[in-house]
Amino acid sequence: METKYIEKVAKMNSGKNLKYAIYTMGCQLNENDSERICGMLEEMNYTKAEKVEDANIVVFNTCCVRENAEDRLFGKLGEMKRLKEAKGTIIAIGGCMMQEKVMVEKINNSYPYVDIIFGTHTLHKLPEDIYQVLINNKGVEDIIDIDGEIIEGFPIKRNDNIKASVTIMNGCNNFCTYCIVPYVRGRERSRNPQDIINEVQCLAKQGYKEITLLGQNVNSYLVSKKINQENISYEVAIEDEKLIVNSFATLLRAINKIKGIERIRFISPHPKDFTNDVIEAIRDCDKVCKLIHLPLQSGSTEILNKMNRKYTKEQYLNLAKKIKEKIPEVVFSTDIIVGFPGETEEDFNNTMEVVNQVKFEQIFMFIYSIRVGTPAEKMEDQVPEKVKHERFERLKKLYEELVAKRNKDYVDKVQTILVEGKSKTNSNILTGRTESNKVINFEGSEDLIGQVIKLKIVSEHMWYLKGERI
Ligand code: 5AD
Ligand code: SF4
């Protein structure tokens, strides 16, 4: 990445004790982008503000996957006017929502005090945008529609020192009919394996223990290159070995060899691309957590078809069964959308049935929200709000019953956990997670943070378990 503008702004800001604040409003990919934004801001001599009122620059990293993210942004933007008037704070908005023309128009019309609007393909140009604002005192709009190339070498300021996320690919080619992501993040572009491996090795050296590989469709890693007939066979150097990476499965196997990393997670795979080589890699790699996020979205074949998910209820169930046969200790988490257009009571009951059968460890539940510009926006028979909410509550109830039952299974068992830090609510308590992502609280000394230890589970509470050292 070019650092010319970082250096220029850093010089202008030097000795001024300037501060920044950032609002991260989206998924883990969005969070990972925010870590890069913070990295750039810190190199430009801004330090993190304790309170937003102290900030000289405020950055909003937006999301547009569901409607509530918009409401949150506009609420916060209204509050920014006072800050702008009081101290001339620079206001910058970036992220997925800024790739939607209607949103940019709305901001230009209703929030004229916003200085910088940048998109998902121009993140690396934020330093230049800030420079232009400082020099010309005029707003900048820096958005492009074409897929940005993958930029390496961003400065990065990570939020955590035990767990880190590493983006392996950008964009999505799937066009699920409810989803805005392919329109705002562009087509799939995979990072080169060696760049990913270098980043993970660097994290391992810094003491990170858990890596989450990120992408909209991780198990099609490198596939789009194959479609474009580019070479996808890479020889990578790892520790003292040379390996070939040519797929997601081989990438997992390579990262599994990096010394110091204890756990590898990945989100999100697509069920339609869950090939046997990926299942075998998960089985064989000791560091890959045996919790697989397998987005279901709906349990009704008819709705899945309307969603363009490219699998049926039976194919999904068979996939879960096949994975479980090959990796008996595996558990699943999932995403479910309730109230997709045309969803009948029977369709919804199919979703409930799949949930009952697969017994997901974790469910991320969403009420369908219309995204302008997606095919589902135009579908007739949108489900009334009241029905959507009522179904959501039914699913939530079933999920909570499943969690309560599963929690009981944990009691008296020994679990291996990665100790992540102190509990947010009680500093005498440490907190960690099992491979299955269950939160475990226990009493222990601080030097355990970052270690993988065994605990006996002594009691269960809805969203966490209590453990004891053995
Ligand atoms: N409405 C509700 N949920 C959605 N998701 C994506 N688009 C929508 C939408 N329009 C959910 C999907 C996806 C998760 C990240 O967000 O379940 O897997
Ligand atoms: Fe959206 Fe589907 Fe792509 Fe996921 S796979 S980002 S839900 S279009």
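Side notes on the structure shown:
- Cleavage-rule hits, GluC sites (Glu not before Pro), region 390-430, DSSP coil, Cβ neighbours within 10 Å at most 14: none
- Cut-off 13 Å, label 7 Å out along Cα→Cβ of residue 257, residues of region 221-243 by amide N: 234-243
- In the chain, the DSSP-assigned H stretches of four residues or longer account for a calculated mean residue ellipticity at 222 nm of -11000 deg cm²/dmol, using -39500 (n - 2.57) per stretch and the full residue count as denominator.
- Whole-Hz Karplus values for region 456-465 come out as 9, 7, 10, 7, 10, 10, 3, 10, 7, 10 Hz, taken residue by residue from phi with 6.51 cos²θ - 1.76 cosθ + 1.60 and θ = phi - 60°; glycine and proline positions read x.
- Other residues with beta-carbon under 15 Å from the beta-carbon of residue 192 carry, at +1 per Lys or Arg and -1 per Asp or Glu, a net charge of -3.
- With 0.36 nm allotted per residue and the present C-alpha distance subtracted, the residue 456-residue 242 stretch has 73.0 nm of extension available.
- Three-way shape call for region 206-358 based on the alpha-carbon gyration tensor, with the a/c threshold at 1.5: prolate
- Taking every DSSP beta bridge that has both ends in the chain, the antiparallel portion is near 40%.
- Restraint check, 257/456; 290/413; 257/321; 157/209; 272/324, Cα-Cα greater than 20 Å: 257/456; 257/321
- Pairwise centroid distance, computed over Cα atoms, of region 136-150 with region 319-351, Å: 39
- Shape category assigned to region 328-470 from the gyration tensor of Cα positions, a/c cut at 1.5: prolate
- Once both labels are positioned 7 Å from their Cα atoms along Cα-to-Cβ, the gap between residue 353 and residue 468 label points is 4.5 nm.
- Distance between modelled label sites at residue 159 and residue 187, nm, 7 Å Cα→Cβ extension: 3.2
- The length gained on full extension between residue 394 and residue 380, counted as 0.36 nm times the residue separation minus their Cα-Cα distance, comes to 2.6 nm.
- Other residues lying with their Cβ under 10 Å from the Cβ of residue 177 contribute a combined charge of +3, Lys and Arg counting +1, Asp and Glu -1.
- Total charge dipole magnitude, region 199-291, about the Cα centre, Cβ charges on Lys, Arg, Asp, Glu only, Debye to nearest 20: 240
- Under Karplus coefficients 6.51, -1.76 and 1.60, residue-wise ³J(HN,Hα) of region 48-56 in Hz, glycine/proline x: 5, 7, 5, 10, 4, 4, 7, 7, 9
- Solvent exposure of region 1-86, expressed per residue, is 49 Å² of accessible area, with all protein chains present and a 1.4 angstrom probe.
- For region 438-453 versus region 19-56, the inter-centroid distance based on Cα atoms is 29 Å.
- Gyration tensor (alpha-carbon) shape descriptor, the chain, a/c threshold 1.5: rounded
- Net charge contributed by nearby residues that have their C-beta within less than 12 Å of residue 334 (K/R +1, D/E -1): -1
- Modelled label positions at residue 275 and residue 426, each set 7 Å beyond Cα in the direction of Cβ, lie 4.9 nm from each other.
The values are calculated or read from the model by the stated rules, or taken from the named source; none is laboratory data. All values reported here derive from a predicted model rather than from experimental measurement. Cβ atoms come from the backbone with ideal geometry, glycine included; neighbour counts cover every protein chain shown. Heavy atoms of the whole protein, side chains included, go into the accessibility calculation; ligands, DNA and RNA do not. Shrake-Rupley method; radii C 1.70, N 1.55, O 1.52, S 1.80 Å.
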